[in-house]
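To start, the structure itself, in structure tokens.
The values are calculated or read from the model by the stated rules, or taken from the named source; none is laboratory data. Values in this document were obtained by computation on a predicted structure and should not be read as measured data. FYI the Cβ positions are ideal-geometry reconstructions off the backbone, even for glycines, and counts take in every protein chain you see. Surface accessibility is based on the protein's heavy atoms, side chains included, excluding ligands, DNA and RNA. Shrake-Rupley method; radii C 1.70, N 1.55, O 1.52, S 1.80 Å.
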Amino acid sequence: MKIHNFSSGPSILPKEVLQKASEAVVNFNNSGLSLIEISHRDPAFVEVLNAARSLTLELLDLKDKGYSVLFLQGGASMEFVRIATNLLNKKAGYINTGNWANNAQMEASFIGEVQEIASSKDRNYSYIPKSIHIPQDLDYVHITSNNTIYGTQYSEFPTVDVPLVCDMSSDLFSRVLDFSKFDLIYACAQKNAGTSGVNLVVIKNDILGKIEREIPNIMNYSKHIEKESMYNTPAVFSVYVSYLTLNWIKDKGGIAAMERRNRAKAHLMYSEIDRNSLFYGTAQQQDRSIMNAVFYLNEPRLTTLFDDWCIKNSIYGIKGHRTVGGYRASMYNALPIESVQHLVGVMQHFEESI
Ligand SMILES: *Cc1c(COP(=O)(O)O)cnc(C)c1O
């Protein structure tokens, strides 16, 4: 029986990726050894790590533009701290568009002074703040491109004169952007870029080395770059899953092809949310995320009924985040459009049955 996996993260991976990853666990490259029992300095693994790093730049069209790629550990949450440690001298600006953006700001505040330069909290994070006044005296501006929990997403990014730092955990590799507008892009891998255990950091080299504090090596981006993402033992298996996922994206036609598929899926999903008399969406139309569609039942008393209906119809992972309730259909790169068609059909039949 086919399960339709709308999980928000860790989330669906391409079947081919799962197949190849499982084979490597038993017998990596026909070596007779498992990927996870060889040295991370074995040339065969170093090649995987380097290929994943260079593929990242290639997919983002950042080759030869002065960027470095790292695969680190501790999740996006660790980067909240590393970013401030490496870039915050006097004051940093944060745009608060949801829980993750808020966490990023909170963690940075342990390191130095942060200023919330815009927020959409006033309307329960249902929109992306526009025409923001950006103070001149900031070390960097931090934004969150896709708000996984509230289902909002930037379509236009603020123009800033200072380094622009972006948490792209839930939409990296899902749509074409001019990535060279960003000075630091980071993402945990478990949404669009592999599985948990590793986080991807793409840094413009020339923003580093400008702060006064002493930085412990493990927190220091420059040290990780110098050691080519091998300062300490990388998360070998997770890096390999990212490597396979990036290759899958490339083979399917790159980010542009992903974006076409993702827009078609999102269009289908939102059309049904808007049409179906039992449901409503919360994100403002123009700021709706093409990755995570958040919606609610008009009548909460139907919750158990709809939940059971979904389970009976092999739909996995559409409960909303525990802090906001409702439903969330996460439609990451690896989710086929057939799964969205199936969910839409299930919602239509549910409406007819009521
Ligand atoms: C999932 C997510 C995170 C959290 O990542 P961890 O790996 O759990 O630290 C951070 N930011 C965004 C936007 C996310 O979607």
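General observations
- Portion, in percent, of the accessible area of the chain that falls on carbon or sulfur, probe 1.4 Å: 50
- Highest average packing first - 214-221, 79-86, 98-105, Cβ atoms within 10 Å: 79-86, 98-105, 214-221
- Positive-pole candidate from 207, 249, 85, dipole of the range 15-251, charges at beta carbon: 249
- Kyte-Doolittle mean at least -1.0, axial Cα span of 15 Å or more - DSSP H helices of the chain: 15-26, 43-59, 75-87, 236-251, 254-275, 337-353
- Magnitude of the charge dipole for the chain, about its Cα centre and with charges confined to Cβ atoms of Lys, Arg (+1) and Asp, Glu (-1), is about 380 debye.
- Spatial offset of the range 171-244 relative to the range 1-37 amounts to 22 Å, using the alpha carbon center of each.
- Note on residue 134 and residue 44: the extension gain reaches 27.7 nm, defined as 0.36 nm multiplied by sequence separation minus the Cα-Cα distance.
- Accessible area per residue in Å² at 1.4 Å probe, computed on the range 15-251: 42
- Share antiparallel - DSSP beta bridges, the range 15-251, percent rounded to 5: 45
- Principal axis dimensions, the chain - Cα atoms, whole angstrom, descending: 62, 57, 31
- Spacing of the modelled spin labels on residue 323 and residue 352, each 7 Å from Cα toward Cβ, amounts to 3.9 nm.
- Peptides ranked, highest mean first, by Cβ atoms within 10 Å: ranges 165-175, 36-46, 226-236: 165-175, 226-236, 36-46
- Pairs spanning more than 26 Å between alpha-carbon atoms, out of 20/191; 90/181; 130/252; 20/319: 130/252; 20/319.
- Taking every protein chain into account, the accessible area of the range 253-353 amounts to 45 square angstrom per residue (probe 1.4 Å).
- Ellipticity estimate at 222 nm from DSSP helix runs (n ≥ 4, -39,500 (n - 2.57)) divided over the chain, nearest 500: -11000 deg cm²/dmol
- When the range 207-323 is reduced to its Cα atoms, the Kirkwood hydrodynamic radius in Å: 18.9
- Taking 7 Å steps out from each Cα toward its Cβ at residue 308 and residue 267 produces label points 3.7 nm apart.
- Peptide packing for 12-24, 143-155 was compared via the average number of neighbouring C-beta atoms within 10 Å per residue; ordered from the highest value, the list is 143-155, 12-24.
- Shape box of the range 268-354 [Cα atoms, principal axes, largest first, Å]: 30, 26, 25
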